[in-house]
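The structure appears right after this line, and notes come after that.
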Amino acid sequence: MRSARLPILPALRGLLLDITPLRGREFRLLFLGQLISFLGSMITFVALPFQMYELTGSTLAVGALGASEFLPIVTVALVSGALADAFDRRTLVLLSELGSAVVMAALVANSLLEDPQVWVLFVCAAVLAGFYALLRPPLDALVPRVVPREQMKAAMALEWVRGDVGMLTGPAVGGVLIAAFGVPVTYGIDLATFLVSLGFLAAMRASPPAPDADRPSLHSIAEGLRYAGSRPELLGTYLVDINAMFFGMPQALFPAIAASYGGAEVLGLLYSAPAAGSIVVALLSGWTRHVHRHGRAVALAACGWGLAIVGFGFADGLWLALLFLALAGGMDAVSGLFRSVIWNLTIPDHLRGRLAGVEMISYTSGPTLGNFEAGVVASFAGVRTSIVSGGVMCVVGTGVVLAFLPALWRYDARPPAVPTDP
């Protein structure tokens, strides 16, 4: 009986997360620094909308926080992508973290006022979004430089685990911190995580551009956009994600939903639930090495996200709602992992920063505008209608994207077979 069980062990190991990329010093420093920084950011991710809802009592105002972030993301991400191809990528990440720390200090100061100002929350949300847009293109473009190509899927899975840990624990910790110590202390902890991240980045080696790198300009930005437009499978990954997040992103409604279940502690659970499903998928991501139809995985996972959001909308109890949010998070992890692999394996290094800017617009504009859309629909049609209709439109929109860009569905990561002479 013992020998019959042994073949199971290799199969189980094949399902588990591959941590080989963490053996590399540069990736390990980058991973740990961003793990701590993102954990703090996810604490503020709960605190900022909580404070806005506490001051205004309006789901529309909470959704408008997302709208205030959209313009900085779109404008800065494209410029940041061009900068990432022209300057040291590590330095750009470091400057972004430093700027975010300054904004967090402003949020702490505002929250300590006797009468905190709502307009400060909107301004800080917009500036934080701008620094995040400055951060992500050089950060995303830095990973392929510090990870061997054959370890890219494993590195992308680790990146998802890093994000999932932040999204899972950050909101839950944020909810507890708000309830126990208040918003000022919660913001202060995020400020401290940025300072820790700066230490890890300072320990990394420089990542200078190639000697013949294009200088930042409108022409270089346009070159990146033309390249993205010339690759229908890339364009498909962007549009599928934008569609899913625009219609199926109900986070602006979480404060209102949490108020009916118990307040700040429940709010943290709602924000953390998608990450719980996502981290399970990431920890069991070994199976992804056998998947080569990456475009199909992206599209099917996006439909799965939409269906799970529909289930969340119809859920009539807290634990059922959390279960559907976890399922949605798992689908998002599958989609995001394969999107990242497509991007990092097919885009040349001299364009990687600019395309990372385009990618950032795709995966951030959807949620920021989607939260606003959810708040608007909920304000006149109700919370449940907003959530369910968004999930349905996510599935329908994915089908429309595939109809216009079938190359995404046909995409195969394997090299084409070479015909042999008869």
Efficiency by 1/(1 + (r/R0)^6): what FRET value for LEU284 and LEU345, r their Cβ-Cβ distance, R0 = 22 Å, to the nearest 0.05? 0.55
Cα shape, the range 145-290, gyration tensor, a/c 1.5 rule: prolate
So for R0 = 41 Å, FRET eff. of VAL291-THR56 from the Cβ-Cβ r, to 0.05, ends up at 0.35
Calculated from backbone phi, Karplus (6.51, -1.76, 1.60) coupling profile of the range 307-322 in Hz, x at Gly/Pro: 5, 5, 5, 4, x, 4, x, 8, 4, 10, x, 4, 5, 5, 4, 5
Taking R0 as 30 Å, what's the FRET efficiency between ALA106 and SER379 from their Cβ-Cβ distance, rounded to 0.05? 0.55
Keeping every protein chain present and rolling a 1.4 Å probe, give me the accessible area per residue for the chain in Å². 42
Ranked by how many other beta carbons lie within 10 Å on average, peptides 104-116, 172-184 from highest: 172-184, 104-116
Going residue by residue through the range 53-64, the Karplus relation 6.51 cos²θ - 1.76 cosθ + 1.60 with θ = phi - 60° gives ³J(HN,Hα) values, rounded to whole Hz and with x marking Gly or Pro, of 5, 5, 7, 10, x, 10, 5, 5, 5, 5, x, 5
Column: log10 I(q)/I(0), Debye, Cα scatterers of the chain, q = 0.13 Å⁻¹: -1.16
Which net charge results when you count Lys and Arg as +1 and Asp and Glu as -1 among the other residues whose beta-carbon is under 13 Å from that of ALA179? -2
How big is D for the range 233-385, in µm² s⁻¹ as a whole number, if Stokes-Einstein is applied with the Kirkwood radius of its Cα pairs at 20 °C and 1.002 mPa s? 132
If Lys and Arg each add +1 and Asp and Glu each add -1, what is the summed charge of the other residues whose beta carbon sits under 14 Å from the beta carbon of ALA244? -2
Could you tell me what percent of the accessible area of the range 204-359 is made up of carbon and sulfur, with a 1.4 Å probe and every protein chain present? 70
Per the 1.4 Å probe, what fraction of the accessible area of the range 110-200, in percent, lies on carbon and sulfur atoms? 72
Shape category assigned to the range 248-309 from the gyration tensor of Cα positions, a/c cut at 1.5: oblate
The range 40-87: equivalent-ellipsoid semi-axes (sqrt of 5 x gyration tensor eigenvalues, Cα, Å): 30, 13, 5
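The values are calculated or read from the model by the stated rules, or taken from the named source; none is laboratory data. In this text the structure is predicted, and so the values were computed from the model without any measurement. Using ideal geometry, Cβ is built from the backbone for each residue, glycine included, and neighbour counts are taken over all protein chains shown. Side chains are part of the model used for accessible areas, which takes the heavy atoms of the whole protein and leaves out ligands, DNA and RNA. Shrake-Rupley method; radii C 1.70, N 1.55, O 1.52, S 1.80 Å.
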